[in-house]
Amino acid sequence: MAKIKVKMVKSGIKKPQNQKRTLEALGLKRIGQVVEHEDTPNILGMINKVKHLVSTEA
């Protein structure tokens, strides 16, 4: 499987609880933090849910 890097670019403050939990599930705690995940449908769905808060690169 391919890897995908996810970077948090905006804060989760004042966002709905489900978006905050999605950021936490992705392992993102601070702005500018980068995590690497497998390119699975589950991860892609989580990224899609918070796409306005994160940036991605392959």
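The values are calculated or read from the model by the stated rules, or taken from the named source; none is laboratory data. In this text the structure is predicted, and so the values were computed from the model without any measurement. Cβ coordinates were reconstructed from backbone atoms using ideal geometry, including for glycine residues, and neighbour counts include every protein chain displayed. These area figures cover heavy atoms from the full protein model, side chains too; ligands, DNA and RNA do not enter into them. Shrake-Rupley method; radii C 1.70, N 1.55, O 1.52, S 1.80 Å.
I need the full set of residues from region 12-55 which are assigned to a strand (DSSP E or B), closer than 19 Å to Met1 by Cβ and of a type in the set (Val, Ile, Thr), in order please. Walk me through how you get there before you give the answer.
The first filter runs over region 12-55 and keeps only residues assigned to a strand (DSSP E or B), leaving 34-38, 54-55.
After this cut, where a residue has to be closer than 19 Å to Met1 by Cβ as well, the list is 34-38.
If the condition is that a residue be assigned to a strand (DSSP E or B), closer than 19 Å to Met1 by Cβ and of a type in the set (Val, Ile, Thr), then Val34, Val35 are the ones that fit.
I need the full set of residues from region 1-30 which are among the β-branched types (Val, Ile, Thr) and either touching a residue at least 24 places away in the same chain (Cβ under 8 Å) or touching a Ser or Thr at 6+ places or on another chain (Cβ under 9 Å) (or both), in order please. Listed by number, the residues that qualify are Ile4, Val6, Val9, Thr22. Once region 16-32 is narrowed to residues that are open to solvent by 40 Å² or more (accessible area, probe 1.4 Å) and of a type in the set (A, V, I, L, M, F, W, C), the residue that is farthest from the chain's Cα centre (by Cα) is Ile31.
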